[in-house]
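Structure, as structure tokens:
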Amino acid sequence: MSILGTRVLRREDSALLTGGGGYVDNLHPDGVVHVTYVTATVAHARIASIDTSEALAAPGVLGVFLADDLLPFGLEWQPAPNPAFNKAMRRPYLARDEVRFVGEPVVAIVTEHPYQGEDAADLVIVDYETLPPVVDPEASAADDGVLAYPGSETNLVLALRTKGDPADFSGCEVVVSTRLVNQRLAAAPIEGRTALCNWVDGPGSRLVQWASCQGSHPVRDALAKAYGLEADQVRVVTADVGGSFGAKQGTYAEEMVLGALSALVGRPVRWTETRSANMVGLGHGRAQVQHVTIGGSRDGEVTHYHLDVIQDSGAYPSMGAVLPAMTRTMLTGVYDIPQASFTSKSVATNTTPVVSYRGAGRPEATAAIERAIDMFAAEVGLDPAYVRRRNLLPPFDEPIRTVVGTPYDSGDYHKALDLALESAGYAELRADQQRRRAAGDKVAVGIGLCVYVEITAYGGGGEYGSVDLRPDGTLWVRTGSSPFGQGHYTSWAMLVSERTGVPMDRIEVFHGDTDVVPEGGNTSGSRSLQIAGAAVNDASLRLVEHARARAADLLEASFDDIVFDEGRFHVAGVPSRSVSWEILAEGVDDEPLGALSEFKATQATFPFGAHVCVVEVDLETGKVRIVRHIAVDDAGVILNPLLVEGQVHGGLAQGAAQALQEEFRYDADGNPLTANFLDYYVISAADVPSFERVAMETPTPINPLGAKGIGESGTIGATPAVQNAVVDALAHLGVRHVDMPCTPERVWQAIQEARD
């Protein structure tokens, strides 16, 4: 019986739940000391002077270091994240001359104990000469706006567009335009940024760093490049990671300089940020302002679509500046729109840099098109489900290209929508909505829809995967992917057990040490199963073939006559004479038996689905409550439904959080207003909606597992479904749009404005 497709409990949870997790802050090497950063308290200023004399004399202080102290190690300017970015917008490791956002590291203090660093930081005096900040991205994009980099002529980081002429709406019977906001979000993982580094002897010795990140090998390569070292002179270890959501992809300046600090004080050093530091230092997500125009005919056909994006990149351009490229890739979503065009400007502001956050540009594309479809349906007076169905791309099981050239692999969007509507009882929901409106109910019901498609494992490529037989008959699996909640230990063990017949409890999965796993990439873009999992699957099949050859020698038979059956090898027709993995293991000390994957994905895959959200809105207070959420998320062939449900539920939580409550805000001077959990309404267990998952599997031809990514789908589908539901609940009052987050205050205000 196949184990694939069954509900297998996660193997990794026991250690995590009983305090056995291998988190960086749990490590206590001899002599370790602690790093505290003095960070900028103003959004934009010149540094006139820094007085560290009192801090140097404070108890437990081993050293206080400025930007110039890093120069002997080659740490002046960080490498440009993208060669296409504005060349003037370079970032130092510690602030030099200017600070550009509240939370930027300025001074590093090394102390014997963490609390001594906090005390010493209060003694550092930084004299700032304030400069005008630019906080609003639309103001930043204006030609006459305040400059985040006074020496530059512009705040523009990067501009993108689609090929050809923009969509021409002159022939449309109906045209709807609006401004949408995908607000700035904090990733807020349970574990903040933390790292530990031992480079006591400095240049010429080996730099060893433990990191909380999404991939140890990219961090190793970044450290080697920064310090001018060969890759084998750097070891990075990443064990357990308490969440990331994209924000820990790569490494931050505070982590990069730990090698230099370790060398300067001659001790291993550790840095673990506070929650408040995490809220302003860890990269933010989304931060996209959209101007959308949609047009078509009064019978519900959509023929034209244009999206213009202003992307807030924050103070120093990073991954956030290229998010519009993914928004452009997924521009038209699931719809067959003949004319579609896109323009974007990524701009600098004096705020925390924007990075990847669950979905990274794809949720923004879906949010735009799904709100546009709802607004178009309202304008022509047709049901939003009807308008969606009318404009969906037809089913396909071989790759097709959209109007902007994106190569979708497989999809049946009609089926996903029909399943969601049927499961929700859509007709009954609409009838109940009308009854409650007619009765003047003070609690309005809203039904929100979303049909989406997204891109996962963009760029294709491969990942390291190997399987080795050990002398005790167990299997050792090495993977280049680094899990931070996805369940890789369980998934990879399932694949190996399925191919080899070895029980899962005799399979060990190992990751995250660059000395043990020779290569690897970031775990990002929902690429793990379809690339890293496919690599482990490929290595397992290769191991079985190598084992057949070894068994043929032991059985004195031809390789072609050896049959592999339920974990044993025997001559065809003679099952009584067989060789087990344990027998093969007896010779591995002299002649190792293992296999390395050669799997490479040729292109990305495109998961899709449909969500229906039902909300109740108190018309007197504006409070929104999610009553039901139905999710059809098709990620191709499912390996473990239990893991999928966990990913979808987490995604729904973050999608609902963006739609209803989370927003990172600044005042006009660039001061953070939501820098802790008292002010930033992060979603909690009490807020997480229950959901009804409807299974649907459309295999992809791109990889042998037929699998697509599932890590971000829930977020992408949930956000517009929830927002559309809130607006739908208020539609009979004349409300046409409510920006996210749809907080009680914002909803109440929309109701009052409609009544006035």
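Working only within region 548-599, note down all residues that are at positive phi and free of Cβ contacts under 8 Å to residues at least 40 places away in the same chain.
Here is the first cut: in region 548-599, the ones at positive phi are 556, 566-567, 573.
Glu556, Gly573, listed by residue number.
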query = In region 21-48, what residues are open to solvent by less than 50 Å² (accessible area, probe 1.4 Å) and either closer than 30 Å to Ile507 by Cβ or part of a loop (DSSP other than H, G, I, E, B) (or both)?
reply = Gly21, Gly22, Val24, Pro29, Gly31, Val32, Ala40, Val42, Ala43, His44
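If I go through region 246-274 residue by residue, how many of them are modelled with pLDDT under 95 and farther than 22 Å from Arg478 by Cα? Please lay out each step first, then the result.
Keep residues of region 246-274 that are modelled with pLDDT under 95, which gives 246, 249-251.
Checking the rest, the ones that are also farther than 22 Å from Arg478 by Cα come to 246, 251.
The qualifying residues number 2.
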remark   = Residue count, region 462-491, condition open to solvent by 40 Å² or more (accessible area, probe 1.4 Å) and of a type in the set (Phe, Trp, Tyr), comes to 2
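Hey, among the residues in region 522-556 that are of a type in the set (Val, Ile, Thr) and at pLDDT 95 or above, which one's farthest from the chain's Cα centre (by Cα)? So that I can check it myself, show each step before the final result.
If we filter region 522-556 for residues that are of a type in the set (Val, Ile, Thr), which is where we start, we get 523, 531, 536, 544.
Within this subset, residues satisfying the condition of being at pLDDT 95 or above are 531, 536, 544.
Working: Ile531: 17, Val536: 23, Val544: 35 Å.
In this case the residue turns out to be Val544.
Quick check on region 59-72. Is at least one of its residues closer than 30 Å to Gly204 by Cβ and assigned to a loop (DSSP other than H, G, I, E, B)?
So in region 59-72, the residues closer than 30 Å to Gly204 by Cβ come out as 60-72.
Those still in the list that are assigned to a loop (DSSP other than H, G, I, E, B) too: 60, 66.
There is at least one residue in region 59-72 that is closer than 30 Å to Gly204 by Cβ and assigned to a loop (DSSP other than H, G, I, E, B).
What helices (runs of 4 or more DSSP H) completely inside region 182-284 contain at least 1 residues that are surrounded by 24 or more Cβ atoms within 10 Å (Cβ to Cβ) and under 23 Å from the mean Cα position of the chain (by Cα)? Full working, then the answer.
Values: elements: 216-227, 253-256, 258-265, 275-281.
Helices (runs of 4 or more DSSP H) meeting the threshold: 216-227, 253-256, 275-281.
Regarding Pro701, is this residue open to solvent by 10 Å² or more (accessible area, probe 1.4 Å), part of a loop (DSSP other than H, G, I, E, B) and touching a strand residue (DSSP E or B) at 6+ places or on another chain (Cβ under 9 Å)? Let's see the steps before the verdict.
Details: open to solvent by 10 Å² or more (accessible area, probe 1.4 Å): yes; part of a loop (DSSP other than H, G, I, E, B): yes; touching a strand residue (DSSP E or B) at 6+ places or on another chain (Cβ under 9 Å): no.
Criteria not met by Pro701.
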task = Report, ordered by the first and then the second residue, all pairs with beta carbons closer than 6 Å, sequence separation of six or more or different chains, a first member in region 337-356 that is more than 26 Å from Tyr149 (Cβ to Cβ), and a second member that is of a type in the set (Phe, Trp, Tyr).
result = Ile337/Tyr305; Ala340/Tyr305
remark   = The one condition Ser313 fails out of (1) open to solvent by 20 Å² or more (accessible area, probe 1.4 Å); (2) of a type in the set (Gly, Ala, Ser); (3) at negative phi is (1)
inquiry  = Within region 610-636, take every residue that is touching a residue at least 60 places away in the same chain (Cβ under 8 Å) and either of a type in the set (Gly, Ala, Ser) or in contact with an Asp or Glu (Cβ under 6 Å, 6 or more places away or on another chain) (or both) and give me the one that is surrounded by the most Cβ atoms within 10 Å (Cβ to Cβ).
reply    = Ala610
inquiry  = For region 601-621, check the following and say yes or no: at least one residue is at pLDDT below 95 and outside any strand (DSSP E or B).
reply    = yes
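Before we move on, is Ser481 touching a helix residue (DSSP H, G or I) at 6+ places or on another chain (Cβ under 6 Å), outside any strand (DSSP E or B) and either of a type in the set (S, T, N, Q) or over 26 Å from Ala239 (Cβ atoms) (or both)?
It is true that Ser481 is touching a helix residue (DSSP H, G or I) at 6+ places or on another chain (Cβ under 6 Å), outside any strand (DSSP E or B) and either of a type in the set (S, T, N, Q) or over 26 Å from Ala239 (Cβ atoms) (or both).
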key: Failed condition for Met696, given (1) closer than 30 Å to Glu463 by Cβ; (2) touching a Lys or Arg at 6+ places or on another chain (Cβ under 9 Å); (3) among the aliphatic types (A, V, I, L, M); (4) not in a loop (DSSP other than H, G, I, E, B)   = (4)
message = Take Asp30 and tell me if it is more than 30 Å from Arg665 (Cβ to Cβ), within 26 Å of the chain's Cα centre (by Cα) and among the charged types (D, E, K, R).
response = no
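I'd like the full set of residues that are within 22 Å of Asn26 (Cα to Cα) and of a type in the set (A, V, I, L, M), limited to region 216-242.
Going residue by residue through region 216-242, those that are within 22 Å of Asn26 (Cα to Cα) are 216-217, 219-220, 234-242.
Residues satisfying the conditions are Val219, Val234, Val236, Val237, Ala239, Val241.
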request  = State whether one or more residues within region 358-367 are assigned to a helix (DSSP H, G or I), among the hydrophobic types (A, V, I, L, M, F, W, C) and either in contact (Cβ under 8 Å) with a residue 12 or more places away in the chain or buried (at least 24 other Cβ atoms within 10 Å of the Cβ) (or both).
outcome  = yes
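Table: residues versus (1) open to solvent by 50 Å² or more (accessible area, probe 1.4 Å); (2) closer than 30 Å to Asp538 by Cβ; (3) touching a Phe, Trp or Tyr at 6+ places or on another chain (Cβ under 7 Å); (4) without any contact (Cβ under 8 Å) to a residue 40 or more places away in the chain.
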site	(1), (2), (3), (4)
Glu645	yes, yes, no, no
Gly650	no, yes, no, no
Ala686	yes, no, no, yes
Pro689	no, no, no, no
Residues that are assigned to a loop (DSSP other than H, G, I, E, B) and without any contact (Cβ under 8 Å) to a residue 24 or more places away in the chain, drawn from region 704-756 = Gly734, Val735, Val738, Asp756
ask   = Which numbered condition trips up Phe169, out of (1) more than 17 Å from Tyr316 (Cα to Cα); (2) part of a loop (DSSP other than H, G, I, E, B); (3) open to solvent by 60 Å² or more (accessible area, probe 1.4 Å)?
value = (3)
task = Filter the strands (runs of 3 or more DSSP E) completely within region 484-573 down to those with at least 2 residues that are within 21 Å of Ser597 (Cα to Cα).
result = 507-510
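Does Ala325 fit the bill of being buried (at least 23 other Cβ atoms within 10 Å of the Cβ) and of a type in the set (Gly, Ala, Ser)? Can you show your working first?
Values: buried (at least 23 other Cβ atoms within 10 Å of the Cβ): no; of a type in the set (Gly, Ala, Ser): yes.
Taking the combined requirement at face value, the residue does not satisfy it.
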ask   = What single numbered condition from (1) at pLDDT 95 or above; (2) touching a helix residue (DSSP H, G or I) at 6+ places or on another chain (Cβ under 7 Å) fails to hold for Ala721?
value = (2)
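Considering only region 658-675, state which residues are open to solvent by less than 50 Å² (accessible area, probe 1.4 Å) and either at positive phi or assigned to a loop (DSSP other than H, G, I, E, B) (or both). Give the derivation first.
Of region 658-675, the ones open to solvent by less than 50 Å² (accessible area, probe 1.4 Å) are 658-664, 666-667, 670, 672, 674-675.
Listed by number, the residues that qualify are Gln661, Glu662, Glu663, Phe664, Asp667, Gly670, Thr674, Ala675.
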inquiry  = Exactly one of these conditions fails for Gly117: (1) within 19 Å of Arg193 (Cβ to Cβ); (2) in contact with a Pro (Cβ under 8 Å, 6 or more places away or on another chain); (3) small (Gly, Ala, Ser). Give me its number.
reply    = (2)
request  = Kindly establish whether Val403 is open to solvent by less than 20 Å² (accessible area, probe 1.4 Å) and either of a type in the set (A, V, I, L, M) or in a helix (DSSP H, G or I) (or both).
outcome  = no
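Within region 388-399, restricting attention to residues that are over 16 Å from Pro338 (Cβ atoms) and surrounded by 14 or more Cβ atoms within 10 Å (Cβ to Cβ), which residue is nearest to the chain's Cα centre (by Cα)?
Among residues in region 388-399 that are over 16 Å from Pro338 (Cβ atoms) and surrounded by 14 or more Cβ atoms within 10 Å (Cβ to Cβ), the one nearest to the chain's Cα centre (by Cα) is Pro399.
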task = State which residue is farthest from Leu261 (Cα to Cα) when the search covers only region 54-79 and only residues that are open to solvent by 80 Å² or more (accessible area, probe 1.4 Å) and of a type in the set (A, V, I, L, M).
result = Ala57
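Regarding region 322-329, can at least one residue be identified that is over 21 Å from Met279 (Cα atoms) and in contact with a Pro (Cβ under 7 Å, 6 or more places away or on another chain)? Let's see the steps before the verdict.
Within region 322-329, the first condition is being over 21 Å from Met279 (Cα atoms), and the residues that meet it are 322, 324-329.
Filter once more, so that each one left must be in contact with a Pro (Cβ under 7 Å, 6 or more places away or on another chain): none.
For region 322-329, residues over 21 Å from Met279 (Cα atoms) and in contact with a Pro (Cβ under 7 Å, 6 or more places away or on another chain): absent.
The values are calculated or read from the model by the stated rules, or taken from the named source; none is laboratory data. Keep in mind it's a predicted model, so treat the numbers as computed, not measured. With ideal geometry, Cβ positions are generated from the backbone for all residues, glycine too; neighbour counts draw on all protein chains shown. Ligands, DNA and RNA are excluded from the accessible area calculation, which covers all protein heavy atoms including side chains. Shrake-Rupley method; radii C 1.70, N 1.55, O 1.52, S 1.80 Å.
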